[in-house]
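Here is the structure we will look at.
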Amino acid sequence: MTNFVDPKLVPKRKLNTGVEMPAIGMGTFGSDRFTPEQVSNAVAGAIRSGYRLFDCASVYGNEHLIGEVFDAAIKNGEVKREELFITSKVWNDMHGEGDVLLSVAKSLKDLKLDYIDLFFVHWPFPNYHAPGCDVDSRSKDATPYIHENFMKTWRQMERLVEAGLVKSIGTSNMTIPKLELLLRDCKIKPVANEMELHPCFQQPELYDYCTQNGIQPIGFCPIGSPTRPDRDKTADDVADIEEPVVAEIAKNHGIHPAVVCLKWAVQRGQIPIPFSIHEVEYVSNLRCTVEDPLTDEEMEALKTVDRNCRLIKGQVFLWEGAKDWTDLWDLEGTITK
């Protein structure tokens with residue numbers, strides 16, 4: 001079986017700008033387990049395999065190496081720049097006035113690009129934590145969500161679009177109450193919201209809110225992120241690929257349960273961004289979007305797998321006086337102060 005999947009066959013999603021985006025991409029977060037070199041090597045292999053969407057971020061610490069891969073692939077004629085869809089994100093410590101421009105400038109330089117297709121605010125807080133810190137770590141400067149401050153950051157994001165440095169802007173790790181305020185006050189709407197999405201954490205209310213408002217959901221941890229950092233693991237977590245319904249569907253199709261999770265994601269309508277350094281896995285992830293779809297009955301069965309099991313809880317972004325990680329996610333329908 002060839003290791004190349006024709007990008008033209010991969011489904012597309014149309015954003016609220018009219019631009020099309022591949023329905024699956026490759027994430028580039030090494031999860032504290034893989035080196036920047038391993039990640040960039042995987043990106044190089046993924047381009048050769050037919051991937052065109054790559055989800056990057058300044059905080060991942062590997063954009064400078066990924067940029068070398070993009071530059072070489074374009075110069076070698078493997079791919080044209082306009083065929084790639086590259087995202088990046090401004091990190092929490094760069095929300096201040098003038099800092100968003102500095103952040104995108106560094107990402108553009110590191111990625112060796114003239115523009116970024118989609119630029120996200122990584123988290124809706126300026127709450128910073130040191131790389132690799134303990135889950136109980138707290139920054140003395142951390143605060144709850146302050147909408148006025150977020151809008152100052154968003155205005156800077158809008159200016160990036162107006163300047164042509166980025167084609168579109170998006171949010172990440174948002175909630176419905178926060179998005180309601182943003183949509184009320186923004187000049188340029190987010191085209192996408194990056195959020196945790198997998199069969200055991202389907203977030204139907206937030207998913208529906210996004211789609212009803214023309215915001216494309218992009219799903220991280222699409223197979224339940226078994227290689228996520230140890231600090232993000234708790235005793236109550238469940239493993240999507242071990243769920244009996246997922247395992248049974250995988251058996252019926254003769255595929256790995258992880259591939260079932262990705263087929264479900266693409267057919268549901270979100271854009272999953274799985275990561276793997278292994279060619280056999282990332283090729284399989286891409287190929288699953290163009291062959292052997294799940295049946296309507298299987299898609300219905302997978303609705304029953306939802307356990308409301310959030311894996312990336314964000315504890316390190318909590319502020320002094322916060323109750324616990326649930327304060328980050330506005331579970332009562334109002335913004336936690």
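The values are calculated or read from the model by the stated rules, or taken from the named source; none is laboratory data. Note that this is a predicted model, so its numbers are computed, not measured. FYI the Cβ positions are ideal-geometry reconstructions off the backbone, even for glycines, and counts take in every protein chain you see. Keep in mind that these areas ignore ligands, DNA and RNA; they rest on the heavy atoms of the full protein, side chains included. Shrake-Rupley method; radii C 1.70, N 1.55, O 1.52, S 1.80 Å.
The table below gives the values:
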{"quantity": "Test: Pro177 is under 22 Å from the mean Cα position of the chain (by Cα), open to solvent by less than 40 Å² (accessible area, probe 1.4 Å) and not β-branched (Val, Ile, Thr)", "calculated": "yes"}
{"quantity": "Residue list for region 241-251, filter: of a type outside the set (D, E, K, R) and without any contact (Cβ under 8 Å) to a residue 24 or more places away in the chain", "calculated": "Ile241, Pro244, Ala247, Ala250"}
{"quantity": "Which listed residue, of Gly224, Gly214, is part of a loop (DSSP other than H, G, I, E, B) and at pLDDT below 95", "calculated": "Gly224"}
{"quantity": "Residue match in region 113-123 (condition: of a type outside the set (Phe, Trp, Tyr), surrounded by fewer than 19 Cβ atoms within 10 Å (Cβ to Cβ), under 24 Å from Ile215 (Cα atoms) and more than 19 Å from the chain's Cα centre (by Cα))", "calculated": "no"}
{"quantity": "Test result for Ala105, closer than 17 Å to Pro7 by Cβ and assigned to a helix (DSSP H, G or I)", "calculated": "no"}
{"quantity": "Any hit, region 51-63, residues being crowded, with 18+ Cβ neighbours inside 10 Å, part of a strand (DSSP E or B) and basic (Lys, Arg)", "calculated": "no"}
{"quantity": "Glu158 being in a loop (DSSP other than H, G, I, E, B), in contact with a Lys or Arg (Cβ under 9 Å, 6 or more places away or on another chain) and either free of Cβ contacts under 8 Å to residues at least 12 places away in the same chain or farther than 22 Å from Gly27 by Cα (or both)", "calculated": "no"}
{"quantity": "Condition broken by Lys263, with the remaining ones in (1) at pLDDT below 95; (2) in contact with a Leu (Cβ under 6 Å, 6 or more places away or on another chain); (3) on the phi < 0 side of the Ramachandran plot satisfied", "calculated": "(1)"}
{"quantity": "Residue list for region 208-228, filter: closer than 21 Å to Val259 by Cα and either under 15 Å from the mean Cα position of the chain (by Cα) or buried (at least 23 other Cβ atoms within 10 Å of the Cβ) (or both)", "calculated": "Pro217, Ile218, Gly219, Phe220, Cys221, Pro222, Ile223, Gly224, Ser225, Arg228"}
{"quantity": "Residues that are under 23 Å from Val166 (Cα atoms), touching a residue at least 24 places away in the same chain (Cβ under 8 Å) and open to solvent by 10 Å² or more (accessible area, probe 1.4 Å), drawn from region 16-39", "calculated": "Asn16, Thr17, Val19, Pro22, Phe29"}
{"quantity": "Identity of the residue in region 16-27, of a type in the set (A, V, I, L, M, F, W, C) and touching a Lys or Arg at 6+ places or on another chain (Cβ under 9 Å), that ends up nearest to Arg268 (Cα to Cα)", "calculated": "Ala23"}
{"quantity": "Residue list for region 277-303, filter: of a type in the set (S, T, N, Q) and buried (at least 17 other Cβ atoms within 10 Å of the Cβ)", "calculated": "Ser284, Asn285, Thr289"}
{"quantity": "Number of the condition not met by Thr326 [criteria: (1) touching a Leu at 6+ places or on another chain (Cβ under 9 Å); (2) open to solvent by 20 Å² or more (accessible area, probe 1.4 Å)]", "calculated": "(1)"}
{"quantity": "Selection count where residues are farther than 23 Å from Ala163 by Cα and open to solvent by 10 Å² or more (accessible area, probe 1.4 Å), scope region 185-200", "calculated": "0"}
{"quantity": "Odd one out for Pro274, checked against (1) within 21 Å of the chain's Cα centre (by Cα); (2) open to solvent by 30 Å² or more (accessible area, probe 1.4 Å)", "calculated": "(2)"}
{"quantity": "Residue within region 65-82 that is in contact (Cβ under 8 Å) with a residue 60 or more places away in the chain and either aromatic (Phe, Trp, Tyr) or surrounded by fewer than 17 Cβ atoms within 10 Å (Cβ to Cβ) (or both) present", "calculated": "no"}
{"quantity": "Tally, over region 261-270, of residues that are in contact with a Cys (Cβ under 9 Å, 6 or more places away or on another chain) and without any contact (Cβ under 8 Å) to a residue 40 or more places away in the chain", "calculated": "1"}
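Conditions (1) in contact (Cβ under 8 Å) with a residue 40 or more places away in the chain; (2) farther than 30 Å from His129 by Cβ, marked per residue:
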| residue | (1), (2) |
| --- | --- |
| Thr295 | no, yes |
| Ala301 | yes, yes |
| Asp306 | yes, no |
| Cys309 | yes, no |
| Leu318 | yes, no |
